[in-house]
Amino acid sequence: MSQAQSEALFAEALNYIPGGVNSPVRAFRAVGGQPFFVNRARGSRVWDVDGHDYIDYVLTWGPAILGHAHPKIIAAVKSAADHGTSFGIPNPLEVTMARLICSLVPSVQKVRMTSSGTEACMSAIRLARGFTRRDKIIKFDGCYHGHVDSLLVKAGSGALTFGHPDSAGIPAAFTQHTIVVPYNDEAAVRAVFAANPGQIAGIIVEPVPGNAGLYLPRPGYLEFLREITRAEDALLIFDEVMTGFRLARGGAQERFGIKPDLSCFGKVIGGGLPVGAFGGRAEIMDYLAPLGPVYQAGTLSGNPLAMAAGIAALEELGVVGSDVASPPPAAYQRLEELGAQLQAGLADAARQAGIPVQFNRCGSMFCGYFTSTPVHNLADALHSDRERFKKYFHGMLAAGVYLAPSQFEAGFLSTAHSPADIDHTVAAAARVMKQL
Ligand SMILES: *Cc1c(COP(=O)(O)O)cnc(C)c1O
């Protein structure tokens, strides 16, 4: 399988871009080899510059829930672009997007747009600190909230892969107010509150952590986080940048029936354009400038192309005009069925090959860890056999299936994936696993 064009591009990229990539995990360091370059994508597939196509389970790291290049999204972006790419003045699409988010996510009464999930999380933390007049934040190891200085502590995939959990260039003083505890461990959270009375501004959590592979909250765990934050006058911040509008119309919070104080969004709501958003109770959100003392801004925030793409994506998902009382849109049912098919097929392939795999899945997000012990948090995830994953990754790639190039990333399904795509994937996995 010739990769001549990709190899030439990567060699050139290395001259001008650090590591040849604009985001570290793309460099394939965790699996070895070189990244391929893509110049076209449609539906469930991406095409590389050497003419190979792959069934894509990365989906631009989550946003492409309708598959790539959905015609409605492309048309919406083109038509918005005809009217100008950015104004820096309020535009009607921002209002539509804000109204949509508030109507679909009951915990969100007001929302502000940003240009990335990183900015959304950074701003939500600042707002929580400003609102509570407290400095300390609890986060969980393995959870990623963007590359924000104070949150880049034990932050999952990228950092794990490169073996230095914390980034250079972040003064210790910047992270001294970030307290990191294991996920799914109630006693650890209780101990932090007991040791820091009246000092915790809030807890930020990926309700279903998807940045160290994928693991689910134990029954009652999210309820526990809700109760303890309420009792301690701290805020509960759900980082739903990955799970928002993916696990359900109203995100993980709808799926698990929890109302956080603040929520962060991104990925799906941008329809593949750069976007982020954070929102929550009005009394908290009104602490933001220009109403309140917490400053937050963005030249391209509420960008009309991103808003048009996001609104089109939400319309196509069938969530517009629905609310928590209406039945779940068909798109989520389809994603659930595809997910179940993939899970059953891969579990079967692993059993037949005699390879221990923990297959974690929540709706259209999944991760198969090569270990015989269940995975509920980062420490469990680290039991996975990474050498085996490398071989699996390359075997699947050669069979035309693109998985995230790291054991510690979630996989994603789109409504454009077909049962035949899943069959192809499962058949490839059955062959590849026999050679592991
Ligand atoms: C992707 C992600 C982010 C960061 O979003 P960017 O748009 O890459 O800045 C934050 N939190 C979670 C949970 C994410 O998955």
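Brief remarks on what is shown
- Estimated at the nearest 10 Å², the accessible area of residue 362 is 0 Å² with a 1.4 Å probe.
- Each of 228, 144, 290 was scored by the projection of its Cα onto the charge dipole of the chain, and the greatest displacement toward the positive side belongs to 228; charges sit on the C-beta of Lys, Arg, Asp and Glu.
- For the chain: accessible area per residue (Å², 1.4 Å): 41 Å²
- Overall, the accessible surface of the range 314-436 at a probe of 1.4 angstrom is composed of carbon and sulfur to the extent of 53 percent.
- Residue 173-residue 34 pseudo-label distance in nm [points 7 Å out on the Cα-to-Cβ vector]: 4.5 nm
- Restricting attention to the chain, close to 60% of DSSP beta bridges with both partner residues there are antiparallel.
- Relative contact order of the chain: 22 percent, from C-alpha pairs under 8 Å at least 6 residues apart in sequence.
- Where the alpha-carbon atoms of the range 1-144 are placed on the principal axes, they occupy 56, 41, 28 Å, in descending order.
- With the simple model of a label 7 Å out from the Cα in the direction of the Cβ, residue 351 to residue 75 spans 4.5 nm.
- Neighbour net charge for residue 391 - beta-carbon separation under 12 angstrom, K R +1, D E -1: +2
- Over the chain, the hull volume per residue, using the convex hull of the C-alpha atoms, is 141 Å³.
- Membrane-span-like helices of the chain, defined as complete DSSP H segments with a Cα extent of 20 Å or more along the helix axis and a mean Kyte hydropathy of at least -1.0, are identified as 117-132, 330-353, 419-434.
- Compactness of the range 71-317, expressed as Rg and Dmax over alpha-carbon positions, Å: 17.6, 57
- Our helix-only sum for the chain, with -39,500 (n - 2.57) per DSSP H run of n ≥ 4 divided by its residues, gives a mean residue ellipticity at 222 nm of -11500 deg cm²/dmol.
- Contour minus Cα-Cα distance for residue 430 and residue 53 (0.36 nm per residue): 133.7 nm
- Stretching residue 394 away from residue 344 to a fully extended chain increases their span by 15.8 nm, per 0.36 nm per residue minus the current alpha-carbon distance.
- Within the accessible surface of the range 144-268, defined with a 1.4 Å probe on protein heavy atoms only, the carbon and sulfur portion equals 55 percent.
- For the range 267-299 versus the range 343-404, the inter-centroid distance based on Cα atoms is 36 Å.
- Across the range 300-330, no residue has a backbone nitrogen under 14 Å from the label position 7 Å along the beta-carbon direction of residue 22.
- About the Cα centre, charge dipole magnitude for the range 71-317 (Lys/Arg +1, Asp/Glu -1 at Cβ), debye: 180 debye
- Here the range 71-317 carries DSSP beta bridges of which approximately 40% are antiparallel, counting only pairs with both residues inside.
The values are calculated or read from the model by the stated rules, or taken from the named source; none is laboratory data. Note that the structure is predicted; figures quoted are calculated from it, not measured. Heads up, the Cβs are rebuilt from the backbone with ideal geometry, glycines too, and the neighbour counts pull from every protein chain shown. Ligands, DNA and RNA are stripped out before the accessible areas are found, and what is left, the full protein with its side chains, is counted by its heavy atoms. Shrake-Rupley method; radii C 1.70, N 1.55, O 1.52, S 1.80 Å.
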